[in-house]
1. Out of the residues in region 133-187 meeting the condition of being free of Cβ contacts under 8 Å to residues at least 12 places away in the same chain and in a loop (DSSP other than H, G, I, E, B), tell me which one is most open to solvent (accessible area, probe 1.4 Å).
2. With region 270-348 as the region, which helices (runs of 4 or more DSSP H) entirely inside it contain at least 1 residues that are among the acidic types (Asp, Glu) and surrounded by fewer than 24 Cβ atoms within 10 Å (Cβ to Cβ)?
3. Kindly indicate whether any position in region 120-141 is within 16 Å of the ligand (Cβ to nearest atom), touching a strand residue (DSSP E or B) at 6+ places or on another chain (Cβ under 6 Å) and not charged (D, E, K, R).
4. I'm trying to understand the selection: among the residues of region 42-99, which are closer than 26 Å to residue 266 by Cβ and more than 14 Å from the ligand (Cβ to nearest atom)?
5. Does residue 294 meet the test of being modelled with pLDDT of 95 or more, closer than 23 Å to residue 227 by Cβ and touching an Asp or Glu at 6+ places or on another chain (Cβ under 8 Å)?
6. Could you say whether any residue in region 30-41 is in contact with a strand residue (DSSP E or B) (Cβ under 9 Å, 6 or more places away or on another chain) and closer than 24 Å to residue 305 by Cα?
7. Within region 224-271, how many residues turn out to be under 19 Å from residue 27 (Cβ atoms) and of a type in the set (Val, Ile, Thr)?
8. On the basis of being in contact (Cβ under 8 Å) with a residue 24 or more places away in the chain and out of contact with any Ser or Thr (no Cβ under 8 Å at 6 or more places or on another chain), does residue 317 make the cut?
Amino acid sequence: MDRSYIASLGLEPVLDKVLAGARLSMGEGQALYDCPDLHVPALMARHVRTRLHGDRVHYVVNRHVNPTNICVNRCRFCAYRRDEGQDGAYVLTAEEALEKLRAAGPVDEVHIVGGCHPALGLGYYEDLAARVRAAYPKASIKALTAVEIDHLAKVSGVSIREVLDRLKGAGVDMLPGGGAEIFAEGPRKTLCPEKIGGEAWLSVMAEAHAAGLRSNATMLFGHLETTTHRLEHMDALRRQQDATGGFVCFIPLPYLPGNNPLGEEASGPSAMDVLRTMSVARLMLDNIPHIKAYWVMLGLKLSQLCLSYGADDLDGTVVEENIGHEAGSGTQQALTIPELEEAIRSSGFTPVRRDGLFREATQ
Ligand code: SF4
C-alpha cells in the first residue's frame with residue numbers, strides 16, 4: 001500500500017488501525033465510504049481478508065428449500081410472498097421438500113427459509129428438520145430467519161427460546177441471517193412495516209446463540225437507506241457479536257428492483273457500491289469471521305471481483321433459488337462444483353469446500 005497516497009486522502013490513521021487490527025470507529029467507516037478512490041478501502045480489506053483467510057475462498061455444496069411462499073407480511077421489496085389462495089401460493093409437505101433435496105444429490109448444507117405462514121406451527125418445522133436430519137446426518141441444517149422464529153413463537157403460543165430449543169433438538173445447527181434488512185427505523189418502517197424491528201431481530205439472534213445455535217447476518221442495501229444507516233447496522237452487529245459471539249458470516253445483499261411494490265423507487269446498488277460495501281464490511285466487522293459475496297443475487301462475475309474487495313465466500317451450488325429470482329435476479333439457478341472452483345481459481349484464490357458452519361467438508 002502506498003502510504004503517502006493514503007495519507008494524502010486523510011486515511012493514514014485508518015490504515016494504521018487496520019494494520020494493527022484495531023476496531024474502526026463509525027467516523028472512520030464513513031471516511032472509507034466517502035473516499036474518492038475505491039481501491040483504498042479495497043486494499044485495506046484485502047489485507048484483512050488475507051490475514052484471516054490467506055488465499056482461501058469458501059464455497060458450499062448446498063440446496064435451498066422454501067417450504068411455503070404464503071406470508072402474513074408484505075415487505076415492499078419482496079417478490080416472493082403470496083396470500084393464501086392466491087395463484088402460485090404453495091406449502092410443501094415434508095415429503096415434497098425431501099424429494100427436492102434428494103434430486104440434488106449429496107449436500108453439505110441444507111438452507112430452509114420461507115414465508116411467515118398464518119397457521120403452520122412449530123410441529124411442521126420440527127418434523128421437517130428431523131426428517132432432513134435423518135436423511136442427511138452429516139449436513140449442516142440452516143433453518144428459519146429470526147423473523148420466522150419470532151412468528152413461529154407467536155403462531156404456536158410458545159417462547160422464542162422454546163422454538164429454538166425444539167428446532168435444535170430436531171437437528172437444526174444454525175439460523176440463516178435473513179430478515180435483518182436494514183435496522184434503521186426510518187427505512188425499515190417503509191420497507192417492511194410488519195416485520196420485527198432491528199432490536200427484536202438482534203434479540204432473537206442473542207437467544208439463538210445462547211441456545212448453542214450459530215447464525216449468519218445479512219444487510220439489504222441499495223434501497224432507501226444511507227451509508228450512515230449501513231454503518232449503524234454493521235456496528236449493531238459487531239456489538240451483538242462482542243456479547244454473544246455466534247455470527248459466522250455477514251452477507252451484504254443488494255436490493256433487486258424487480259416484481260415488487262418498491263420497484264423503481266429504488267434502483268439497487270451500483271457495482272461500485274457493492275464492491276465498496278464489501279470492503280467496508282470486512283473492515284468494520286472485525287469480529288465476524290466471514291464475508292459472503294452471494295453470487296445468486298450479485299451475479300458470478302461481480303461476486304468474483306468481491307473476492308478481491310474483502311469477501312472470502314461465494315455461497316454454493318444452490319440448485320434452486322426462488323426468492324432472489326422472483327425479484328429479478330438474472331443469474332442461473334445453480335452452479336456445479338467445477339464451475340464454482342474454476343470461478344475461485346480464475347480469481348486468483350484457492351477453493352475450499354465447507355459446510356454451513358465453515359468447517360472443511362470432505363465428502
Ligand atoms: S421478505 Fe419474507 S417476511 Fe417479508 S413478505 Fe417476503 S416472505 Fe414475507
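1. In this case the residue turns out to be 137.
2. The qualifying helices (runs of 4 or more DSSP H) are 271-284, 323-326, 337-345.
3. Within region 120-141, not a single residue is within 16 Å of the ligand (Cβ to nearest atom), touching a strand residue (DSSP E or B) at 6+ places or on another chain (Cβ under 6 Å) and not charged (D, E, K, R).
4. Matches in region 42-99: 42, 45.
5. The answer is yes for residue 294.
6. No, the conditions are met nowhere in region 30-41.
7. The number of residues fulfilling the criteria is 3.
8. No: the conditions fail for residue 317.
The values are calculated or read from the model by the stated rules, or taken from the named source; none is laboratory data. Only a predicted model underlies this, so the values are computations on that prediction, with no experimental measurement involved. When we count neighbours, we look across all protein chains shown, and the Cβ atoms used for this are built from the backbone with ideal geometry, even at glycine. Accessible surface areas use protein heavy atoms only, side chains included; no ligands, DNA or RNA. Shrake-Rupley method; radii C 1.70, N 1.55, O 1.52, S 1.80 Å.
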